[in-house]
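Before any comments, here is the structure.
Read-outs: derived from the displayed coordinates by stated rules, not from any lab. Remember, it's a predicted structure, so these values are computed and weren't measured experimentally. We place every Cβ from the backbone using ideal geometry, glycine too, and count neighbours over all the protein chains shown.
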Amino acid sequence: MEKSILIIGACGQIGTELTMALRDTYGNESVIASDIREGNENLMDSGPFEILDATDYDALEEIVAYYEITEIYLMAAMLSATAEKFPMRAWNLNMNSLFNVLNLAKEKKIDKIFWPSSIAVFGPNTPKENTLQSTIMEPSTVYGISKQSGERWCDYYFHKFGVDVRSIRYPGLISWKTMPGGGTTDYAVEIYHKALSEKAYTCFLKEDTELPMMFMDDAIKATLQLMETDADNVKVRSSYNLSAMNFTPSQMAESIQNHIPDFKISYEPDFRQAIADSWPSSIDDQEARRDWGWKAEFDLEKTTKEMLENLAP
Ligand code: AKB
């Protein structure tokens, strides 16, 4: 049977690039983009687009029936910083949207699901360096609690109902095509925009806050790779650890200064510092490498070059 893919949250930071990559791979008409509001023109013009509230089961079911959807990528979520401001809205969006797609698969209305988790599933008691796939997980943020609960539900639906759900714990993602929104790792994108426009950036995290990060091309590659691999290879049905690079804001500033020598960074940590402090500084991803051949391509230098070249006026 032909694939027919629905992306929910297609206009967000990951959704935009994922939609374009899936359209390149499977054809424009086989990839239906959806979001609660309109987004990027390229994305809306290159194939089918639907307005969809991910928490509305009936509307989702109707789109799935109409396009004979076989796979869903559920990218809609409220991220860590915004979720701290609107805890109940975050919980409702992050959990209800997941239950909607899990239940569609349980009822055999779709075959396969991709759902993103995050390094936010870890918490202040988790060992920070080379954090293992299975370790202490006591998230202290609303977003982290929703992602950790989501992981348990994915694992449960796989074991109890045979739902083919696959997931990655994304680190902070860096891209030039779409801005991130409401995350703690957003500084790692904002900094490039400000470096080019003002040659200065005030960072909301402290200079030595080390966090796991990844360039978007690597994140998209990993997502497609995990979704393409045989179901038997997917040994982790909660969510896979994934790693590419780790750095601090001051290391990032140095890598920008190699290209823009008079770039200046200053630091004014806000409430996001506590969120970042609760997360690991590096991740062990041996399961992803072993099970489906994951390997990152972008380090900080390569990312900086790519970002500055593509964002330059
Ligand atoms: C965030 O900062 O909230 C996200 C994430 C790490 O999941 N980028």
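Just grab the label-to-label distance for residue 2 and residue 208, each label 7 Å out from Cα along the Cβ direction, in nm (one decimal).
So the label points at residue 2 and residue 208 sit 5.8 nm apart.
Using a Förster distance of 25 Å, how high is the FRET efficiency between residue 299 and residue 228, based on the Cβ-Cβ distance and rounded to 0.05? Please list the in-between numbers first.
On the way: r = 25 Å, r/R0 = 0.99.
For R0 = 25 Å, the calculated efficiency reads 0.50.
Would you list 115, 292 from fewest to most Cβ contacts within 10 Å?
Values: 115 24, 292 20.
Ascending number of Cβ neighbours within 10 Å: 292, 115.
Taking 0.36 nm per intervening residue step and subtracting the Cα-Cα distance, what contour gain separates residue 25 from residue 58 on full extension?
Working: separation 33, 0.36 × 33 = 11.88 nm, distance 2.91 nm.
Gain in length upon complete extension: 9.0 nm.
Short version: ³J(HN,Hα) in whole Hz for each residue of segment 15-28, in order, from phi by Karplus 6.51 cos²θ - 1.76 cosθ + 1.60 (θ = phi - 60°), x for Gly and Pro, what are they?
So the Karplus estimates, Gly and Pro as x, are x, 4, 6, 5, 4, 5, 5, 5, 5, 4, 7, 10, x, 4 Hz.
What order, most packed first, do the peptides 273-282, 4-13 have when packing is the mean number of other Cβ atoms within 10 Å of each residue?
Top of the packing list down: 4-13, 273-282.
Positive end of the charge dipole of segment 36-191 (Lys, Arg +1 and Asp, Glu -1 on Cβ, about the Cα centre): tell me which of 187, 66, 156 has its Cα farthest that way.
156
Under 5 Å between amide H atoms, partner at least 5 residues away or on a different chain: which partners does residue 50 have, H built in plane at 1.01 Å?
33, 34, 35
Neighbouring Cβ atoms within 10 Å as the yardstick, rank 159, 259 fewest first.
159, 259
Quick check on the exposure proxy: order 161, 263, 215, 122 from fewest to most C-beta atoms within 10 angstrom. Provide the component values of the computation, followed by the final result.
On the way: 161 14, 263 19, 215 24, 122 27.
By the 10 Å Cβ count, ascending, the order reads 161, 263, 215, 122.
First measure r as the distance between the Cβ atoms of residue 198 and residue 159, then evaluate 1/(1 + (r/R0)^6) with R0 = 45 Å and state the FRET efficiency to the nearest 0.05.
Details: r = 52 Å, r/R0 = 1.14.
Plugging the Cβ-Cβ distance into 1/(1 + (r/R0)^6) gives 0.30.
Divide by every residue of the chain the summed helix terms, -39500 (n - 2.57) for each DSSP H run of at least 4, and state the resulting mean residue ellipticity at 222 nm, rounded to the nearest 500 deg cm²/dmol.
-13000 deg cm²/dmol
Which of the peptides 96-104, 49-57 is most tightly packed, and how do the rest follow, going by the mean number of other Cβ atoms within 10 Å of each residue? Walk me through the intermediate numbers first.
On the way: 96-104: 20.7, 49-57: 17.6.
My ranking of the peptides, most packed first, is 96-104, 49-57.
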